[in-house]
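Scroll down for the structure; my scribbles are underneath it.
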Amino acid sequence: MKISVLQFPGTNCEYDTKYAFEKLGCDVEVIWHKEKKIPSDTDLLVIPGGFSYGDYLRSGAIARFANVMESVQEYAAKGGKVLGICNGFQILLEAGLLPGAMKRNDSLHFISKYHTLKVINTDNTFLSLTKKDEVLNIPVAHHDGNYYIDAEGLKELEKNNQILLKYCDKNGNLVNMNGSVSNIAGICNKEKNVFGLMPHPERAIEEILGSTDGVNMLKGFLQ
Amino acid sequence: MKAIVNVGLKQGVLDDQGKATHHALDTLGFKEIVKDVRIGKQIIIELNSSNEEEARAEVTKMCEKLLANTVIEDYNIQIVG
């Protein structure tokens, strides 16, 4: 399994992501944003977290025009699997590969802590090893994670089972952590090959980190 | 000439920064006078052009492509100088 992880100036989760997938037995390559092409044998492309281009203008707004992104658009259009984590999710939204947009958290604070998430839909590669309504404990670390989509767009997401994860409490009751429409923490596209989420599954892969709930999420891609 | 671009959240998209600032102004004693607060950003672009129409058309393209995220934001352009 070949995984390509993008790296922009300001990306800071590329080596965590590499570590996590290598631990699962994958061959992982970090790809600098100036590359024109992603490796042709890529089975999964990951856009990791961080603060690409300092989050200037808007989170992800400048990264989406990086050289490598044209190749990412082509790869996704052909059905290639793409996972955007945190800043990666923001980049996918700015690039139009996922619907909606990110706003500043409604508290206006940067939120960095473990948070519980409820699995909403499992009929996709990413969450195929988790169970519907399962509660996962995964860290979040973001300033702009307040997901916005208009009412019509939300209906589409619901109709097509595109909502992956929602913020919840330990008992699975939904909570609104950052202002996100419908408590959304992660979504996928209609074709179910492009995935984005604000929480960091790659940071929850060993007991010593406080949770291993991220393992089954990342493993979903390895089948 | 230069372009002054104002970008802000669309009406109907909750402006949390504006809301928090509104609240702060209220507590500072401006409750009576303040009706609403919206926060946006201003981008000033120096242009190599003396044709206002062309400048406006080009800056509009910049807004649509990069400067505003039209899913949640509106923009307006003033050409000056």
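Applying a threshold of 7 Å to beta carbon distances and a minimum spacing of six or more residues, or different chains, the list of pairs starting in the range B:59-81 at a residue that is within 13 Å of residue A:95 (Cα to Cα) and ending at one that is crowded, with 16+ Cβ neighbours inside 10 Å and of a type in the set (D, E, K, R) reads B:69/A:58; B:69/A:94. Taking first residues from the range A:41-62 that are on the phi > 0 side of the Ramachandran plot and away from chain B (no Cβ under 14 Å) and partners that are crowded, with 21+ Cβ neighbours inside 10 Å and assigned to a loop (DSSP other than H, G, I, E, B), the Cβ contacts under 8 Å between residues at least 6 apart in sequence or on separate chains come to A:50/A:8; A:50/A:13; A:50/A:86.
Summed over the range A:183-208, the residues that are assigned to a helix (DSSP H, G or I) and in contact with a strand residue (DSSP E or B) (Cβ under 8 Å, 6 or more places away or on another chain) give a count of 4.
Here is a check on your reading of the model: is residue A:179 within 14 Å of chain B (Cβ to nearest Cβ) and either under 30 Å from residue A:15 (Cβ atoms) or touching a residue at least 12 places away in the same chain (Cβ under 8 Å) (or both)?
On the way: within 14 Å of chain B (Cβ to nearest Cβ): yes; either under 30 Å from residue A:15 (Cβ atoms) or touching a residue at least 12 places away in the same chain (Cβ under 8 Å) (or both): yes.
Yes: the conditions hold for residue A:179.
In the range A:66-77, the condition of being of a type in the set (Phe, Trp, Tyr) and more than 25 Å from residue A:143 (Cβ to Cβ) is met by at least one residue.
Per the listing A:142, A:115, the residue uniquely in contact with a Cys (Cβ under 7 Å, 6 or more places away or on another chain) and closer than 21 Å to residue A:86 by Cβ is A:142.
In the range A:111-127, what residues are part of a strand (DSSP E or B) and closer than 15 Å to residue A:204 by Cβ?
Scanning the range A:111-127 gives A:112, A:113, A:114, A:115, A:116, A:117, A:119.
Kindly provide the set of residues from the range A:8-33 that are out of contact with any strand residue (DSSP E or B) (no Cβ under 7 Å at 6 or more places or on another chain), among the hydroxyl-bearing types (Ser, Thr, Tyr) and closer than 12 Å to residue A:52 by Cα, ordered by number. Hits for the range A:8-33: nothing passes.
A quick yes/no check of all residues on (1) buried (at least 22 other Cβ atoms within 10 Å of the Cβ); (2) of a type in the set (Val, Ile, Thr); (3) assigned to a helix (DSSP H, G or I):
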site	(1), (2), (3)
A:60	yes, no, no
A:72	yes, yes, yes
A:82	yes, yes, no
A:91	yes, yes, yes
A:96	no, no, no
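The set of residues in the range A:104-163 that are under 21 Å from residue B:39 (Cα atoms), among the polar types (S, T, N, Q) and touching a residue at least 60 places away in the same chain (Cβ under 8 Å) comprises A:105, A:107.
Among the conditions (1) away from chain B (no Cβ under 14 Å); (2) under 14 Å from the mean Cα position of the chain (by Cα), the only one that residue A:122 does not satisfy is (2).
Elements of the type strands (runs of 3 or more DSSP E) sitting completely within the range A:128-176 and holding at least 1 residues that are at negative phi, surrounded by 21 or more Cβ atoms within 10 Å (Cβ to Cβ) and more than 14 Å from chain B (Cβ to nearest Cβ): these cover A:135-142, A:163-168.
Every number here is computed from the coordinates shown, using simple stated rules; none is lab data. Computed from a predicted structure; not experimentally measured. Reconstructed Cβ throughout: ideal geometry from the backbone, glycine too, with neighbour counts over all protein chains shown.
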